[in-house]
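The values are calculated or read from the model by the stated rules, or taken from the named source; none is laboratory data. As the structure is a computational prediction, the values presented were derived from the model and not from experiment. Cβ coordinates were reconstructed from backbone atoms using ideal geometry, including for glycine residues, and neighbour counts include every protein chain displayed.
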Amino acid sequence: MARSPGRPRGVTIIDVARHAGVSPMTVSRVINAEPGVRDETRRLVEAAIATLNYTPNLMARSLVTSREIRIGVLYSNPSAAFMSGFLAGVFEEASARGAQLQLLKGEAGQPPAPAEIERLIAGRIGGMILAPPLGENDSVRALLAEAKLPVAVVGGVAAGAICIGIDNRRAAFDMTRHLIGLGHRRLGFVLGNPDQTASRERLAGFETAAADAGIDATRIVPGDFSYASGLVAGETLLDDPAPPTAIFASNDDMAAAVVSVAHRRHLDVPRDLTVVGFDDSTAAITLWPPLTTIRQPVRALAAEAMQHLIEAMRRGRATSSASPRVLDHLLVERESTAPPPPA
């Protein structure tokens, strides 16, 4: 049977946007004769529509004319505690502002497949918010840059995006100084995901504080923010002939794993070993002893990122030239810290 003439199968609004070199949101404005589009841009979009023989169906048209804000959420974080706070902040802010969310999850810290991300973009979203580590993933950022979408990144740094975080270097410096103030001189540090700026900044804060105090008895071991990596790191540090008297893990999940390793070895925390974390997540208060940690306001970070993203979408801006927004951190002292045991 001959196929009836019409637009080629598979042509979507994102294809039109790519052909014209604009965002899907701009294509939607042109289709619906909305104001705020320059004449030159409108002509480019109309030419792309004609070239591709694109005709939006009624359902698609109802979506692009909807006044509801549609936002994509990309996440793939191994820390369940971090993601709980992140998603809570995103959902609360979206609900308050009447925004619709479309979630897409990657596995094991890896981004979703490019085709999945493209389908999400083609679903007529107007912006994207990314949880770490995806905010600093080159392939993800390239796809979003091509789509010319406004993007907000939580806990990371990405060119052209709205970035919300804390001063990770200062926070780690403060915690390390706290351990030194308790009398610790043999310090262990568990790294986070090496691909994330936050991990590198926390390590830098730790090393600076130790160097300022003239301490060189430090042991740094790899991790990736997951509980499993914390177990391996804890075993490695405590197998040392002269193990640390204090271990600073780059997040609470890994710190909780280190505490578990210590308990298996019949070490008392904090009498025999001090353990501290980062984030002040639910993991910090649901184990014994409760963790001394850095409070990173994950929920507030996500909510503020969502707020700025929606404002950028309403202004029709695809990028942000502003400096990263930095929220305050707090050192929360609990029962997992004490002076080092007698030699």
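The requirement of being within 21 Å of LEU87 (Cβ to Cβ) and of a type in the set (Asp, Glu) is not satisfied by ASP212. Which residues, counting only those in the stretch 217-231, are assigned to a loop (DSSP other than H, G, I, E, B) and polar (S, T, N, Q)? Residue satisfying the conditions is SER226 alone.
The numbered conditions (1) modelled with pLDDT under 95; (2) surrounded by fewer than 18 Cβ atoms within 10 Å (Cβ to Cβ); (3) hydrophobic (A, V, I, L, M, F, W, C) are all true for ILE220 except (1).
Return the only residue of ALA217, ALA159 being out of contact with any strand residue (DSSP E or B) (no Cβ under 6 Å at 6 or more places or on another chain) and not assigned by TED's automatic domain parsing to the domain that holds ILE121. Can you show your working first?
On the way: ALA159 fails: not assigned by TED's automatic domain parsing to the domain that holds ILE121.
Testing whether each residue is out of contact with any strand residue (DSSP E or B) (no Cβ under 6 Å at 6 or more places or on another chain) and not assigned by TED's automatic domain parsing to the domain that holds ILE121 leaves just ALA217.
Taking the stretch 261-343 and the strands (runs of 3 or more DSSP E) fully enclosed by it, the elements with 2 or more residues that are over 23 Å from the mean Cα position of the chain (by Cα) and crowded, with 21+ Cβ neighbours inside 10 Å are at 274-279.
Screening ASP239 against (1) surrounded by fewer than 22 Cβ atoms within 10 Å (Cβ to Cβ); (2) touching a helix residue (DSSP H, G or I) at 6+ places or on another chain (Cβ under 8 Å) leaves a single unmet condition, (2). Selection of the stretch 91-147 for residues being touching a residue at least 12 places away in the same chain (Cβ under 8 Å), among the hydrophobic types (A, V, I, L, M, F, W, C) and over 23 Å from VAL22 (Cβ atoms) yields ALA94, LEU101, LEU103, ALA108, ALA131, LEU134.
Return yes or no: is TYR75 aromatic (Phe, Trp, Tyr) and modelled with pLDDT under 80? Spell out the reasoning first.
Details: aromatic (Phe, Trp, Tyr): yes; modelled with pLDDT under 80: no.
For TYR75, the condition - aromatic (Phe, Trp, Tyr) and modelled with pLDDT under 80 - is not met.
In the stretch 159-216, what residues are part of a loop (DSSP other than H, G, I, E, B) and either modelled with pLDDT under 95 or crowded, with 23+ Cβ neighbours inside 10 Å (or both)?
Start the filter on the stretch 159-216 by keeping residues that are part of a loop (DSSP other than H, G, I, E, B), which leaves 159-161, 167, 182-186, 191-196, 213-216.
Scanning the stretch 159-216 gives ALA159, GLY160, ALA161, HIS184, GLY192, ASN193, PRO194, ASP195, GLN196, ILE215, ASP216.
Among the residues making up the stretch 231-254, those that are over 16 Å from ILE294 (Cβ atoms) and within 30 Å of the chain's Cα centre (by Cα) are LEU231, VAL232, ALA233, GLY234, GLU235, THR236, LEU237. Take the residues in the stretch 45-55 that are surrounded by 17 or more Cβ atoms within 10 Å (Cβ to Cβ) and at pLDDT 80 or above; name whichever of them is farthest from ASP15 (Cα to Cα). The residue in question is VAL45. The condition of being touching a strand residue (DSSP E or B) at 6+ places or on another chain (Cβ under 6 Å), in the same structural domain as GLY183 (by TED's automatic domain parsing) and either without any contact (Cβ under 8 Å) to a residue 40 or more places away in the chain or on the phi < 0 side of the Ramachandran plot (or both) holds for only one of ALA255, ALA305, that being ALA255.
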